[in-house]
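The next block holds one structure in the form of structure tokens; read it before the comments.
The values are calculated or read from the model by the stated rules, or taken from the named source; none is laboratory data. What you are looking at is a predicted structure, and each value in this text was computed from that prediction instead of being measured. Heads up, the Cβs are rebuilt from the backbone with ideal geometry, glycines too, and the neighbour counts pull from every protein chain shown.
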């Protein structure tokens, strides 16, 4: 069963993986993805992520359940942060476990495509020029077309 956490606090990737696989010997593949706040041109001061508590967790749980229905997963965890984050900070962690690598890779990819384009979070970037809300990129939204 999937675990979904939406939190302000940072996370420890190693501890999260260890907790998911504790006492398990039936897992053949562990795939993890960690997204961080990037500053491509040196102008980003911070990014603030907002969400609607309750609604966001329910939507992330729904998409995690969909991933579990599509692939033979033996574990799934999504952690997504909110609040004010600085360049280099961790934003999101997706971990998928399966007996075989292909299922774990595909499920993690599916989950990230959803998180990048449809997850109910709102981003505001702070730069020297001020603060501005950021929309999902068309390329992120187009990536969902791979998953009928």
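Here residue 70 meets each of (1) under 22 Å from residue 4 (Cβ atoms); (2) surrounded by 14 or more Cβ atoms within 10 Å (Cβ to Cβ) with one exception, condition (2).
Answer yes or no: is there a residue in segment 55-76 that is part of a strand (DSSP E or B) and within 12 Å of the chain's Cα centre (by Cα). Yes, some residue in segment 55-76 is part of a strand (DSSP E or B) and within 12 Å of the chain's Cα centre (by Cα). In segment 1-17, how many residues are surrounded by 12 or more Cβ atoms within 10 Å (Cβ to Cβ) and in a helix (DSSP H, G or I)? Counting residues in segment 1-17 that are surrounded by 12 or more Cβ atoms within 10 Å (Cβ to Cβ) and in a helix (DSSP H, G or I) gives 3. Do we find that residue 34 is at pLDDT 95 or above, within 28 Å of residue 126 (Cβ to Cβ) and surrounded by 16 or more Cβ atoms within 10 Å (Cβ to Cβ) in this structure? Criteria not met by residue 34. Only residues that are surrounded by fewer than 19 Cβ atoms within 10 Å (Cβ to Cβ) and either at pLDDT 95 or above or within 15 Å of the chain's Cα centre (by Cα) (or both) were counted across segment 40-50, and they come to 5.
Taken as a whole, segment 102-122 holds at least one residue that is under 20 Å from residue 18 (Cα atoms), surrounded by 13 or more Cβ atoms within 10 Å (Cβ to Cβ) and in contact with a helix residue (DSSP H, G or I) (Cβ under 8 Å, 6 or more places away or on another chain).
Checked against (1) under 28 Å from residue 102 (Cβ atoms); (2) touching a helix residue (DSSP H, G or I) at 6+ places or on another chain (Cβ under 8 Å); (3) surrounded by 14 or more Cβ atoms within 10 Å (Cβ to Cβ); (4) at pLDDT 95 or above, residue 20 meets all criteria but (2).
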